[in-house]
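Note sheet for the following structure.
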Amino acid sequence: MFGLGIIAAILYWILSANFVRRQAAAFYYRIEGGKLCVDSGVYFLKRKTIPLERVTDFMLAQGPLQRRYGIWALHVQTAGGQQAVAEAVLIGIENPEQVRDELLRARDAAVERARVL
């Protein structure tokens with residue numbers, strides 16, 4: 001019985017690692033006209049558009065499988081959103097500080113444009 005549990009744990013670890021890699025490969029984000037556009041999904045495509053002027057915070061996170069593959073997740077918080085739940089999660093990021101800084105600059109520019117209007 002113990003051996004079966006070990007085999008199940010190893011199989012789960014392999015399948016989880018494969019899913020993390022596939023999930024990261026199926027993820028795209030871009031900035032278009034003051035909006036953050038996020039496409040994601042291994043089996044089902046999800047598209048989300050977030051106005052950058054609503055973004056209040058970015059949080060970097062790295063779980064054990066992400067750490068194993070040297071990738072990060074960037075959680076995007078927005079004004080009016082639930083504090084515990086991110087509006088979007090950018091996954092599979094290899095250079096998280098650079099991406100965060102790029103998004104902060106784009107957000108600041110969007111906020112500045114909104115003030116002018």
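Data overview
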quantity: Environment charge at Lys48 (Cβ cut-off 15 Å; Lys +1, Arg +1, Asp -1, Glu -1); calculated: +2
quantity: Additional length obtainable on full extension of the chain from Ile7 to Ala26, 0.36 nm per residue less Cα span; calculated: 4.0 nm
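Just so you know, all these numbers are worked out from the coordinates, no wet-lab data involved. Nothing here was measured: the structure is a model prediction, and the numbers come from that model. Heads up, the Cβs are rebuilt from the backbone with ideal geometry, glycines too, and the neighbour counts pull from every protein chain shown.
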